[in-house]
Each structure stands twice: as structure tokens, then as C-alpha cells.
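The values are calculated or read from the model by the stated rules, or taken from the named source; none is laboratory data. Just so it is clear, the structure is predicted and the values come from calculations on it, not from any experiment. Because the Cβ atoms are built from the backbone with ideal geometry, glycine has one as well, and the counts that use them run over all protein chains shown.
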Amino acid sequence: MPTPVAVLVFLACAASALAASAVLIVRLERIGARLAVTEAVLGLLAALAADMPEISTAVTALVRGQNEVGIGVILGSNVAKLAMLLGLASVVARRIPLDRRVVLLEALVGVGVAAVTVAVVAGTVAPAPGLGIALVVFVPYVVVSSLRPEARARLPIPARLRGTLTSALAEEEDDLGLHPGRGGRVDVVHAVLALAVVVVTSIGMETTGTDLGHAWGLSDLVVGGVLLAIVTSIPNAVAAVYLARRGRGAATLSTTTNSNTINVVVGLLLPAALLGLGTAGAAALSAAWWYAGLTLAVLAWAFLRRGLTRTDGVAIGVAYAVFVVLLLR
């Protein structure tokens with residue numbers, strides 16, 4: 001395929017995948033409302049739908065044996081989302097206020113899964129056990145998120161921990177402000193069709209993106225970690241900026257960390273447990289460390305400062321620029 005045609009196909013696939021992802025978000029929220037799930041679960045469903053372009057792209061790459069592309073898409077998009085969802089949002093909103101209880105809750109899950117990711121990519125932990133450990137960290141968060149406030153108040157855990165947990169989730173839910181209409185059969189049909197479009201166009205995006213990368217002399221990790229990662233992160237970035245501009249710091253943070261956690265669990269660890277991951281190169285391991293290190297640094301700073309300022313957002317953006325430059329070397 002001639003390069004100009006490949007570029008057009010890539011852009012068309014990317015636009016279609018992102019548009020279908022937006023439809024999928026709305027339909028899943030309506031279906032969730034029909035099932036009377038909590039606002040926290042609606043937020044998780046929205047994060048999953050927004051992550052479908054990079055998840056589908058990464059899984060396609062892993063199935064085709066292009067492990068560096070698959071690893072790059074997930075880890076690169078996670079680093080990009082820290083810059084685009086928290087960094088850019090902080091710059092646009094000037095400040096994202098955050099309750100320390102919210103930061104602590106999201107850090108326990110986000111940093112824990114990031115640490116598992118480093119261990120799996122480094123080969124210290126096999127993908128299947130790594131997936132199991134990640135689920136041990138993430139599933140309790142999902143289960144508690146699915147509980148109603150009165151049920152959370154009765155959790156058989158120490159009172160102080162229970163209070164911190166319920167308060168943090170309550171603030172996230174208040175900030176999300178998701179009140180979609182109750183969905184029906186039409187929403188299910190639309191969700192299935194949108195998901196199909198996302199998967200098909202993501203396959204096209206991965207294939208043409210890899211071909212373009214080879215034609216331009218780029219490594220597979222750069223193709224996945226920069227080109228595909230930035231494009232597939234756009235839906236999440238738009239949502240985060242929207243929330244941050246309205247002062248919804250807790251929702252902005254939970255959108256970022258939940259999106260990254262879902263990315264790793266569904267887009268990397270699950271397919272790697274089924275298909276294997278092979279031996280990752282030094283660049284892939286470096287990307288994993290950047291993801292884990294930047295996650296820890298941003299959340300620790302947000303905890304200490306009770307939020308993120310415009311200056312902090314610029315610093316996160318600079319860190320991402322350094323990450324891209326190192327990948328391109």
C-alpha cells in the first residue's frame with residue numbers, strides 16, 4: 001500500500017474507532033443505568049468503553065506476534081494519559097483540587113497494578129500469576145464500587161479504613177455526576193455495533209500504523225508507545241479536561257487511574273496470560289518503569305499538595321516529552 005494511502009486509511013480507522021468509542025460510552029452508561037448500578041460502576045464502564053481503541057489495538061498486535069507494539073500501545077497510552085488527562089487538565093483548569101482520601105484510594109490500586117506490570121514486563125513474574133495479582137488488587141475496588149452507600153457502611157473492616165473508603169468513593173461519585181437515561185434493547189444493539197466498529201477499525205489502525213512505522217524506520221515500540229498510544233488516548237483526555245474545568249478533581253483522577261488499570265488488566269495482562277508475552281526488550285522495560293514511576297510520582301505529589309496546579313501539569317507534560325524522546329532514540 002502506498003504511504004499516502006496508508007496514512008489516509010490510518011486516519012480514517014482512528015477517527016472511526018474514536019467516534020464508535022464515544023457511542024459505546026453513552027450506550028454502556030444507559031445500560032448501566034437500566035441495571036441500576038452505582039455511579040462508580042458507571043464511571044468504570046465509561047473508562048472501559050473509552051479504553052476500547054487501545055485495548056483492541058494492543059490485543060491485535062499481541063495476536064499477530066508483534067509484542068513490542070502491543071506493550072507499547074498499553075504502556076505508552078498510560079504514560080500519555082497521565083500527561084493528557086492530569087497534566088493537560090491541570091493546565092487548562094489551573095488547579096485540580098483533590099481530597100487526600102481519594103488520592104490514597106486511587107494510589108493503592110493504580111500503583112499496585114503498575115508495580116505488577118513492571119514485574120511482568122521484566123519477566124520476574126509470569127503473565128498468568130501477574131494477572132492474578134492485579135485482579136486481587138483491582139477486583140475488591142470494583143466490588144466495593146458496586147455497593148450502595150448503606151452497604152459500604154456495613155463492610156466488615158476497621159472503622160477508620162471503612163470511613164476513608166466510603167468517603168473517597170462518595171466524593172468520586174458526586175464529582176462524576178453521571179445521570180444517563182435508562183437504556184433499553186436499542187442501546188444494547190447500538191453498543192454491540194459500536195464495539196464491533198471499534199474492534200475492526202482498531203485492527204486496521206494497528207496494521208497500517210505498523211506498516212507506516214516500518215516505512216518511516218520507526219521501531220515497533222515507538223509505533224505502539226507514541227503513534228498509536230497518543231491517538232487512542234484522545235477520548236479519555238477530552239473527558240478529563242471536561243471534568244477538570246468544572247472543578248471535579250476526584251472524577252478527573254479516578255478516570256485517569258481507572259482507565260490505566262483497565263488498560264493493563266484487559267489489554268496487556270489478560271492476553272499475555274493466554275498468548276504469552278515473550279522476552280521484552282530494554283526499551284519496553286524502560287516504558288514500564290516510566291509508567292510505574294510517573295504514576296507514583298504524580299499521585300504522591302497530588303497527595304502532598306492536595307491537588308495539582310498548572311505548574312504541576314507543565315512538569316508532567318515535560319516528563320512525558322522526555323519519555324517520548326527516550327523512546328525515539
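Annotations for the structure displayed:
- Set L327, L296: member being at pLDDT 95 or above, in a helix (DSSP H, G or I) and not acidic (D, E): L296
- Residue list for segment 86-103, restricted to those being farther than 19 Å from D174 by Cβ and hydrophobic (A, V, I, L, M, F, W, C): L86, L88, V91, V92
- Residue in segment 85-92 that is over 15 Å from the mean Cα position of the chain (by Cα), in a helix (DSSP H, G or I) and under 13 Å from G307 (Cβ atoms) present: yes
- Residue count, segment 20-48 (criterion: free of Cβ contacts under 8 Å to residues at least 60 places away in the same chain and either under 25 Å from E68 (Cβ atoms) or part of a helix (DSSP H, G or I) (or both)): 1
- Counted residues, segment 187-223 - those being touching a Gly at 6+ places or on another chain (Cβ under 6 Å) and at pLDDT 80 or above: 1
- Filtering L28, L24, L44, L48 for residues that are buried (at least 23 other Cβ atoms within 10 Å of the Cβ) and either closer than 12 Å to T255 by Cβ or among the hydroxyl-bearing types (S, T, Y) (or both) leaves a single hit, L44.
- Of everything listed in (1) buried (at least 23 other Cβ atoms within 10 Å of the Cβ); (2) under 14 Å from V121 (Cα atoms); (3) small (G, A, S), the single unmet condition for A302 is (2).
Condition check ((1) in a helix (DSSP H, G or I); (2) modelled with pLDDT of 85 or more; (3) touching a helix residue (DSSP H, G or I) at 6+ places or on another chain (Cβ under 9 Å)) across all residues:
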position: R101; (1), (2), (3): yes, yes, yes
position: L105; (1), (2), (3): yes, yes, yes
position: V109; (1), (2), (3): yes, yes, yes
position: V125; (1), (2), (3): no, yes, yes
position: E150; (1), (2), (3): yes, no, no
position: R160; (1), (2), (3): yes, no, no
position: L165; (1), (2), (3): yes, no, yes
position: L169; (1), (2), (3): yes, no, yes
position: G181; (1), (2), (3): no, no, yes
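- Filter pass, A288 being closer than 24 Å to I25 by Cβ and under 17 Å from the mean Cα position of the chain (by Cα): no
- Which numbered condition A134 misses (of (1) surrounded by fewer than 20 Cβ atoms within 10 Å (Cβ to Cβ); (2) assigned to a helix (DSSP H, G or I)): (1)
- Residue match in segment 62-83 (condition: in contact with a Ser or Thr (Cβ under 6 Å, 6 or more places away or on another chain), in a helix (DSSP H, G or I) and surrounded by fewer than 24 Cβ atoms within 10 Å (Cβ to Cβ)): no
Results for (1) without any contact (Cβ under 8 Å) to a residue 60 or more places away in the chain; (2) farther than 25 Å from F303 by Cβ; (3) among the hydroxyl-bearing types (S, T, Y), shown as yes or no for each residue.
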| site | (1), (2), (3) |
| --- | --- |
| T57 | no, yes, yes |
| I71 | no, yes, no |
| K81 | no, no, no |
| L85 | no, no, no |
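For (1) modelled with pLDDT of 80 or more; (2) closer than 30 Å to D99 by Cβ; (3) crowded, with 23+ Cβ neighbours inside 10 Å; (4) hydroxyl-bearing (S, T, Y), each residue gets a yes or a no:
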site	(1), (2), (3), (4)
P235	no, yes, yes, no
N263	yes, yes, yes, no
A280	no, no, no, no
A288	yes, yes, yes, no
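- The condition (being under 23 Å from A170 (Cβ atoms), assigned to a helix (DSSP H, G or I) and in contact with a strand residue (DSSP E or B) (Cβ under 8 Å, 6 or more places away or on another chain)) is satisfied by just one residue among A240, A244, A250: A244.
- Answer residue from segment 94-109, given it is more than 11 Å from T252 (Cβ to Cβ) and among the β-branched types (V, I, T) and is surrounded by the most Cβ atoms within 10 Å (Cβ to Cβ) among those: V103
- Selected residue (only one of V139, V189, V200 is surrounded by fewer than 15 Cβ atoms within 10 Å (Cβ to Cβ) and within 30 Å of V9 (Cα to Cα)): V189
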